[in-house]
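Please read the structure below before turning to the comments.
The values are calculated or read from the model by the stated rules, or taken from the named source; none is laboratory data. Values in this document were obtained by computation on a predicted structure and should not be read as measured data. Neighbour counts run over all protein chains shown; Cβ positions are idealised from the backbone, glycine included.
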Amino acid sequence: MSALAPPSSGFRIALLVLATFAFAPDTATIAGAGELPAIASRQRAEKKSFTDAEIVEGFLKIAIGAEFHLAGRVDRIRRFDGPVRVYAESDRADRKAQLAKIVADIGARVQHLDIAMTSTSEAANVRVKLVRDRDLFRTMSSFYGAEKAREIRTSLDPQCLSGFRKNDNFEIEHSDAILTVDNGDFVFLDCAYEELLQSLGPINDTTSVPWTMFNDNVSMGYFDVYDQYILNLLYDPRIKPGMTVQEVKAVLPDVLTDVRIWVKRVNDLKE
């Protein structure tokens, strides 16, 4: 399949730098989040109760701003304003199956987000390219150009990355993600969850919020409760693309009340 064209000047890149740990051997089996000891231990220790202030602080930091961007303003809400369809480009059936499970999990946990896999790239507004680790830099170069790819590799040395293109109304029109398939199940799941979620808008990594996967010092491998709050706030119909911090703050109290009910119900049902 053909490589994606280089991004326009409005394309923003979100990058994940994974903490150093021993990689699990690559397998042909399809591992779910609960089947991996590294993920199960994180779920047992996960903080699930948060104050309004803790949720709002993280939302404003993560949903507005950008860790690494090419051009344009980053002081507004950015998200899709319609159905999201995800296409996986890969010859690895096991990784594609894992990705489909992740997309279904995200869709089940974010109330107002219509997200699903699609079998054709033409129907997709999120395209995920699954590559071997040795091909990551070459793929980055095909997406962003050699100079920008070298800058990314030198400054962040990512194992996966994502970005999106928005219009003048701050509506995301298209997202792309690159994931490596051969660094073990934990790395794949951790990358896939973060990059897919960042492709939906919350692009700003922060080290000051310890409960979020959008933190370069945190690796999870599953869709944690705190980030369910972030995504449900972002995709509530009252939070609109292009809103400023002050506009968001004006509606957040009512939105958060409803989001709390939803997140609790979803997690009570699935525990």
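Applying the selection to segment 117-147, what residues are at pLDDT 80 or above and closer than 27 Å to residue 242 by Cα? Give the derivation first.
Taking segment 117-147 and keeping what is at pLDDT 80 or above, we get 117-135, 138.
Matches in segment 117-147: 117, 122, 123, 124, 125, 126, 127, 128.
Of all the criteria given as (1) surrounded by 17 or more Cβ atoms within 10 Å (Cβ to Cβ); (2) not in a helix (DSSP H, G or I), the one not satisfied by residue 227 is (2). Taking the condition small (Gly, Ala, Ser), loosely packed, with under 14 Cβ neighbours inside 10 Å and either within 24 Å of residue 223 (Cα to Cα) or in contact with a Cys (Cβ under 7 Å, 6 or more places away or on another chain) (or both), does residue 100 pass? For residue 100, the condition - small (Gly, Ala, Ser), loosely packed, with under 14 Cβ neighbours inside 10 Å and either within 24 Å of residue 223 (Cα to Cα) or in contact with a Cys (Cβ under 7 Å, 6 or more places away or on another chain) (or both) - is not met. In this structure, residue 205 does not qualify as more than 24 Å from residue 224 (Cα to Cα) and in a loop (DSSP other than H, G, I, E, B).
Of the residues in segment 102-121, at least one is under 23 Å from residue 233 (Cβ atoms) and assigned to a strand (DSSP E or B).
Can you tell me which of 205, 236 is touching a His at 6+ places or on another chain (Cβ under 8 Å) and charged (D, E, K, R)?
On the way: 205 fails: touching a His at 6+ places or on another chain (Cβ under 8 Å).
Every option except 236 fails the conditions.
Restricting attention to segment 19-61, the residues that are among the β-branched types (Val, Ile, Thr), modelled with pLDDT of 90 or more and either assigned to a loop (DSSP other than H, G, I, E, B) or under 30 Å from residue 240 (Cα atoms) (or both) total 3.
Search segment 230-246 for residues being part of a helix (DSSP H, G or I) and at pLDDT 95 or above, and hand back the single one that is surrounded by the fewest Cβ atoms within 10 Å (Cβ to Cβ).
Filtering segment 230-246 for residues part of a helix (DSSP H, G or I) gives 230-234, 245-246.
Next cut, at pLDDT 95 or above only: 230-234.
On the way: 230: 26, 231: 26, 232: 24, 233: 28, 234: 26.
Within segment 230-246, the match that is surrounded by the fewest Cβ atoms within 10 Å (Cβ to Cβ) is 232.
Considering segment 148-179, and only residues there that are touching a Lys or Arg at 6+ places or on another chain (Cβ under 7 Å) and under 16 Å from residue 64 (Cα atoms), the residue that is modelled with the lowest pLDDT turns out to be 163.
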